[in-house]
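Chemist: Take a look at the following structure, please.
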Amino acid sequence: MRIKSTLLGCLAWMVMTSFLSDSVEVPALSHSVSQSLELKTEGLYYAEFFDYIFRGHFENVEMTREDLQFSMIFEQYLRAFGGQCPDVLPDDKVEIMEDVCAMEEVTTNGYGIETSRVCVQWKTVGTGLYARPELYNAKLAVERLQNAEAFRTVINMVSDPNAMGNSVDMIHKAKGLKNDMAQIFNLNSCNGQAIRRFEKNLRLYALDKPSIRMKEPSKYEKMKKSGGPSGEQNFNKLIDDLVADQAKTWAFNRYISGSVSNVKKYTNSNGVPNELSANYRYKGFSGSSPGSVRITFENGLPKCIYFFDFPNNCKSPNSGILATYAQGDYAK
């Protein structure tokens, strides 16, 4: 079945970049050093996911290994590492393969105008990029797991009443991942112990095995447990930052920074915010246009962002902005 391969192929196309280092062995770590490692994730779209996997706190990871999103992250991480860090790969590295269309079936109407194009024959080719064999094998295991559920996944996707919004959201996530892969090896050394710990736990998560666990909780976990800050907050600035961050992955429109207006706050009986709404402006094909956004809260922190064009599609706020808000940096 090629349904799953086609889905992953489309997503891979959206995040693919041209990546272009003999083998470096990473020495074993003492327990104290192992516990003090730090994976730098500031500014990354998937910062929270990367940190939870790195720390081995699998219980906090919101996506499962069966999720298409997990395959997308795994695939693009291997490609990014193979392109940007080839010198630190081992001698037994393996080539990353991909399925490409070998033959298409083209349908035309009575006027000779093409009406559809479907791939009817596939072939597997090398990408010219390489990976650690244990990681690549784990990625293949995830693909086999997902291939078994491919048809059901597609049916669920197309039958979802919010299918269009979810599809657009996947494009946003793919663009966010592409940006992450362009930054992560600038933030962290290719042959650093933090990256190797992340890779080991990424493999363990993919294979549904116990993690190599760090004692110190993630700052994102601490943030969610502590809840939102007390006192008056600059919600105009918070909304501006959240919308500007989301706009980084917009396909065509461009957010006009600082354009947030008409902010409305809704609170519970204790005065804790549970929803914000506001207007903003963006530049599109027809010039400057108005937009609106609604932000729901959970335990005093932004949980979902809903834009006017897809009002039922929950977009996750940037975890870095949430951490900044939780520690009181938006206080008036």
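Chemist: Tell me, VAL125, VAL118 in order of fewest to most beta-carbon neighbours within 10 Å?
Modeler: Fewest to most other Cβ atoms nearby, the residues stand as VAL118, VAL125.
Chemist: Quick check on packing: order 222-234, 75-87 by the mean number of other C-beta atoms within 10 Å, highest mean leading.
Modeler: Ranked by mean Cβ neighbours within 10 Å, highest first: 75-87, 222-234.
Chemist: Explain nothing, just compute: Karplus ³J(HN,Hα) = 6.51 cos²θ - 1.76 cosθ + 1.60, θ = phi - 60°, for every residue of the stretch 247-255 in order, whole Hz, x for Gly and Pro.
Modeler: 5, 4, 10, 5, 6, 10, 6, 10, 5
Chemist: Just to verify a number: FRET efficiency for ASN253 and ILE113, C-beta to C-beta distance, R0 = 30 Å, to 0.05?
Modeler: 0.45
Chemist: What translational diffusion coefficient, to the nearest whole µm²/s, does the stretch 225-326 have by Stokes-Einstein, given a Kirkwood radius computed over alpha-carbon pairs, a temperature of 20 °C and 1.002 mPa s viscosity?
Modeler: 153
Chemist: Let me ask another. Taking amide hydrogens as modeled 1.01 Å from N in the peptide plane, which residues meet the under 5 Å criterion relative to TYR282, leaving out close sequence neighbours?
Modeler: Those lying under 5 Å, H to H, from TYR282 are ILE256, SER289, GLY291.
Chemist: Here's another thing I want to ask about it. For GLU275, list long-range residues whose amide hydrogen, built 1.01 Å from N in the peptide plane, is under 5 Å from its own amide hydrogen.
Modeler: Result for GLU275 returns TYR266, PHE297.
Chemist: Would you mind calculating the gained length between ASN270 and ILE171 on full extension (0.36 nm times residue separation, minus the Cα-Cα distance), in nm to one decimal?
Modeler: 31.8 nm
Chemist: Based on the Cβ-Cβ distance of LYS332 and ASN137, what FRET efficiency does E = 1/(1 + (r/R0)^6) give at R0 = 51 Å, to the nearest 0.05?
Modeler: FRET efficiency, LYS332 to ASN137: 0.45.
Chemist: Starting from the amide H of GLY228, placed 1.01 Å from N in the peptide plane, find each other amide H under 5 Å away whose residue is 5 or more places distant or on another chain.
Modeler: GLY300, LEU301
Chemist: If you don't mind, another one. At 7 Å along Cα-to-Cβ for each site, give me the label-to-label distance between ASN262 and GLU95 in nm.
Modeler: 5.8
Chemist: Okay, next question. Of LYS264/LYS303; LYS225/LYS315; LYS248/LYS283; LYS219/LYS264, which ones are farther than 19 Å apart at the Cα?
Modeler: LYS225/LYS315; LYS219/LYS264
Chemist: Tell me, what ³J(HN,Hα) does each residue in the stretch 213-221 have, in order and in whole Hz, if you take phi through Karplus 6.51 cos²θ - 1.76 cosθ + 1.60 with θ = phi - 60° and put x for Gly and Pro?
Modeler: Listing the rounded values in order: 9, 9, 6, 5, x, 5, 5, 6, 5 Hz.
Chemist: Which FRET efficiency value, to the nearest 0.05, do you get for SER230 and ARG294 by plugging their Cβ-Cβ distance into 1/(1 + (r/R0)^6) with R0 = 22 Å?
Modeler: 0.40
Chemist: Further question on the same structure: Output ³J(HN,Hα) for the stretch 259-273: one whole-Hz value per residue in order, computed from phi by the Karplus curve 6.51 cos²θ - 1.76 cosθ + 1.60 with θ = phi - 60°, and x for Gly and Pro.
Modeler: Rounded to whole hertz, the list is 8, 4, 8, 6, 6, 10, 10, 10, 10, 8, 5, 9, x, 7, x.
Chemist: Additional query: How much net charge surrounds GLY227 when only the other residues with a Cβ under 13 Å from the Cβ of GLY227 are counted, with Lys and Arg +1 and Asp and Glu -1?
Modeler: Spelling it out: positives minus negatives among the neighbours equals +2.
Where a number appears in this text, it was derived from the coordinates with a stated rule and is not lab data. Remember, it's a predicted structure, so these values are computed and weren't measured experimentally. We place every Cβ from the backbone using ideal geometry, glycine too, and count neighbours over all the protein chains shown.
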